[in-house]
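One structure is given here, and the rest of the page talks about it.
The values are calculated or read from the model by the stated rules, or taken from the named source; none is laboratory data. The shown structure was predicted, so the numbers you read here are calculated from the model rather than taken from an experiment. Backbone-built Cβ (ideal geometry, glycine too); neighbour counts: all protein chains shown. All accessible areas refer to the heavy atoms of the entire protein, side chains included, with ligands and DNA or RNA removed. Shrake-Rupley method; radii C 1.70, N 1.55, O 1.52, S 1.80 Å.
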Amino acid sequence: MTHDHDLVLRPTPAQITAALNPPPGRTGGDLVVETLAGLGATTVFGLPGQHALGMFDALRRSSLRYVGLRVENNAGFAADAYGRITGEAAPLFLSTGPGALTSLAALQEAAAASAPVLAISSQVPVAGLGGGRKGYLHELPDQSASFRGVVKSVHTVRSQSQIPSAIAAAWKSALTAPHGPVWVEIPQDVLLAPAGLPVVSAPDAIPDDLPPRPELTALAAHLLSQAARPAIIAGGGVVRSDASGKLRLLAEKLNAPVVTTFGGKGAFPWNHPLSLQSWLEDRHTTDFLEDADVLLVIGSGLGELSSNYHTFRPRGRVIQIEADLGKLESNHPALGIHADARPALQALLETAEDRPDETARERVRELLTKVAARIAGQNLTLEQQVLSSVRQALPADSPSFWDMTILAYWAWSAFDAQGPNLMHSAQGAGGLGYGFPAALGAAAADPSRPVLAVSGDGGALYSIAELATAKQYDLPVTWLIIDDGGYGILREYMTDAFGAPTATELHRPDYVALAESFGVTGVHTAPETLREDLTRALNTPGPSVVVLPAVLRMFAPTHLG
């Protein structure tokens, strides 16, 4: 009897000949790029450095496209967005020490957002590893230790024969739910040494499935089918697993209202009669969810932002489906189901019974009316006008990338993404500087449609250097900069808390002139002309900058008091 594990793929005569006569001039760096190409990678992001030059030299002998950014952290953000848009593990080439460490904030965001990034860094020569203290440039006693608490997995290489397997294992890890960033580390001398090994063929790195346990989904389906007031919270896990269609079918089957988290924007149609939209920072929504007798939470850990700053106190039965085991029941007791969102939703669809409910859609309308009335009573016409202009200017199928800025905080709750995987922000880790370099990564993934980046002037200053990247690769990114002369949200927080802001005001360059100095078209706009100017910029090939001088305010919080 033959078992599957006994089957061996036998090499062809041509493969044997190629293995016995590998091309001359190859190094360890070639093993890296050959492995990536064999895994299906097409694009590499990064920044060269002395110890990593073996990888970069090998790129010119490969079919891989290289997109080079000007700061390692920005390269990480670009790879993050590429991974979100394509669902592929985006390779990120980094050099040792300062170059590697500069990427940490981007990798933290990728980890928080479950974005698949394959970071491959050089390391000092083998003789300096393990605390050898040779005094090499960029030397750290244990470089990988800086990343173990940030990335999903760490893979270290010490010889050329380890390169293909280490990268394949990292690729598999990055793409197994929950997706995330991974770290591979290869010493400089291993990358530079001549490679006598055969050319790497397609390695096996198929991601593991994460199906639910059937007895748990059977119980969950029964609870949802028999519920009087079911509701659903859909998080980023629904988007990452491409399960928005299944979510809609289940919601309609159960007549269950759905609210999406800020990371799950677009997971459920905004104007659907069962859509509670994304008003999670609103007490009316919190009350509605607390009143559910059965609450399905799928693809969300119910963290700070998704629980109205931990004021959410569910009174009914909670069912939580989550691919990240550490997040399962981490905030609320639940029927915890460790699974990827897509197979779990499929199991519920097959098991749950139709649940008629003539009141569900009316309760949704009542909730949204209360939310709208609360916002209408706060004199926030400017903010709503600006957000509306952005939505009207942005093509329905274009992705947008939002920095940590007041307009983004509005967008989390009030912006119609018009589809899954189209609106992304740095709300996972919450660092500044995400919007523009992430938009560049998305444009590299799909240059056929315009991409929007939105930043405040504080966040924009993190990314100005990438105007050179946008111009060099002629990427179709329009960058909207809301210029209020400082860190606007911190100014608001400090004024509310202390009566006056400190360290929040910034000197303002002329962003239009700055963009034009890079050869990028720039324009000043106003709230009244924003829609027209933004539409024109998005419809013009190549990169552009639109600057809106405006002081925006946040709507009042409901989690205080």
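Could you list which residues have their amide H under 5 Å from that of VAL297, counting only those 5 or more apart in sequence or on another chain, with H placed in the peptide plane?
Amide H to amide H, under 5 Å and 5 or more residues apart or across chains, VAL297 pairs with ILE233, ILE319, GLN320, ILE321.
For GLU304 and ASN379, compute 0.36 nm times the residue count separating them, minus their Cα-Cα distance, and round to one decimal in nm.
24.3 nm
Using modelled backbone amide H atoms (1.01 Å from N, in-plane), which distant-in-sequence or interchain residues come within less than 5 Å of LEU432's amide H?
Under 5 Å from the amide H of LEU432 lies no amide H from a residue far enough along the sequence or on another chain.
Just the number: Rg to Rh for the stretch 96-163, Cα atoms, Kirkwood Rh, two decimals.
Using Cα coordinates only, the ratio equals 0.98.
Calculate, for SER161 and ARG65, the FRET efficiency according to 1/(1 + (r/R0)^6) with r their C-beta to C-beta distance and R0 30 Å; round to the nearest 0.05.
E between SER161 and ARG65, to the nearest 0.05, is 0.65.
Could you go through the stretch 191-196 in sequence order and give the Karplus-derived ³J(HN,Hα) for each residue, using 6.51 cos²θ - 1.76 cosθ + 1.60 with θ = phi - 60°, rounded to whole Hz, and x for Gly and Pro?
5, 8, 5, x, 9, x
Please identify the GluC sites (Glu not before Pro) of the stretch 462-561 that satisfy two criteria: DSSP loop assignment and at most 15 other Cβ atoms within 10 Å. Which are they?
Passing both the DSSP loop test and the Cβ count: GLU528.
Given R₀ = 41 Å, FRET efficiency for LEU368-ALA513 by Cβ-Cβ distance, to 0.05?
0.40
Using DSSP, restrict attention to beta bridges with both residues in the stretch 399-486 and report what percent are antiparallel, rounded to the nearest 5.
Among the beta bridges of the stretch 399-486, antiparallel pairing accounts for roughly 0 percent.
If you plug each phi of the stretch 153-168 into the Karplus form 6.51 cos²θ - 1.76 cosθ + 1.60 with θ = phi - 60°, what whole-Hz ³J(HN,Hα) values come out, in order, with x for Gly and Pro?
Each residue's phi maps through the Karplus curve to give 8, 10, 10, 10, 10, 10, 8, 5, 5, 7, 4, x, 5, 5, 5, 5 Hz.
Go from 0 up to the bin containing the longest alpha carbon distance in the stretch 418-561, width 5 Å each, and give me the % of pairs per bin.
2, 9, 18, 21, 20, 14, 8, 5, 2, 1, 0
Counting only DSSP beta bridges with both residues in the stretch 477-561, tell me the antiparallel percent, nearest 5.
Percent antiparallel among DSSP bridges in the stretch 477-561 is about 10.
Hey, with R₀ at 35 Å, roughly what FRET efficiency would ILE206 and ALA396 work out to, going by the Cβ-Cβ distance, to 0.05?
Given R0 = 35 Å and the Cβ-Cβ separation, E is 0.55.
What percent of all Cα-Cα pairs in the stretch 521-561 falls in each 10 Å bin, counting up from 0?
For the stretch 521-561, the binned pair fractions read 25, 37, 18, 15, 4 percent.
Quick check for me: using +1 on Lys/Arg Cβ and -1 on Asp/Glu Cβ, what's the dipole size of the stretch 457-500 about its Cα centre, in debye to the nearest 20?
I would put it at about 100 debye.
With a 1.4 Å probe and all protein chains left in place, how much of the accessible area of the chain comes from carbon and sulfur atoms, in whole percent?
Of all accessible area on the chain, carbon and sulfur atoms account for 54 percent.
Would you mind computing, in nm to one decimal, how far apart the modelled labels at ASP242 and GLN226 are, each placed 7 Å from Cα along Cα→Cβ?
Here the modelled spin labels are 3.7 nm apart.
Working out 0.36 nm times the residue gap between ASP354 and LEU249, then minus their Cα-Cα distance, what length gain in nm do you get to one decimal?
Going from the current span to full extension adds 36.7 nm.
Where both partners of a DSSP beta bridge lie in the chain, what percent of those bridges are antiparallel, to the nearest 5?
Bridges in the chain that DSSP calls antiparallel: roughly 5 percent.
Run the reach check for LYS152 against lysines, Cα to Cα strictly under 19 Å, same-chain hits fewer than 8 apart removed. What comes back?
LYS172, LYS327
With every protein chain kept in the model, how would you rank SER517, SER121 by accessible area, 1.4 Å probe, largest at the top?
Accessible-area ranking of SER517, SER121, largest first: SER517, SER121.
If amide hydrogens are placed 1.01 Å from N in the peptide plane, which non-local residues have theirs closer than 5 Å to the one on TRP479?
For TRP479, the qualifying residues are ALA453, SER544, VAL545, VAL546.
Can you put HIS507, HIS51 in order of accessible area, largest first, using a 1.4 Å probe?
From most exposed to least exposed: HIS507, HIS51.
Which ³J(HN,Hα) values in Hz, rounded to whole numbers, follow from the phi angles of the stretch 173-179 under the Karplus curve 6.51 cos²θ - 1.76 cosθ + 1.60, where θ = phi - 60° and Gly and Pro get x?
In residue order, the calculated couplings are 4, 4, 9, 8, 4, x, 4 Hz.
Going through the stretch 47-122, which trypsin sites (Lys or Arg not before Pro) have at most 13 other Cβ atoms within 10 Å and a DSSP loop state?
Filter output for the stretch 47-122: ARG60.
Taking a ≥ b ≥ c as the square roots of the Cα gyration tensor eigenvalues, with a/c under 1.5 meaning rounded and otherwise prolate when a/b beats b/c, else oblate, which class fits the stretch 343-487?
In terms of gyration-tensor shape, oblate.
To the nearest 10 square angstrom, how much accessible area does HIS222 have with a 1.4 angstrom probe?
100 Å²
Using helices alone, what [θ] at 222 nm do you get for the chain, with -39,500 (n - 2.57) per DSSP H run of 4 or more residues, divided over all residues and rounded to the nearest 500?
The helix-only estimate for the chain comes to -11000 deg cm²/dmol at 222 nm.
Rolling a 1.4 Å sphere over the protein heavy atoms, what is the accessible area per residue of the chain, to the nearest Å²?
40 Å²
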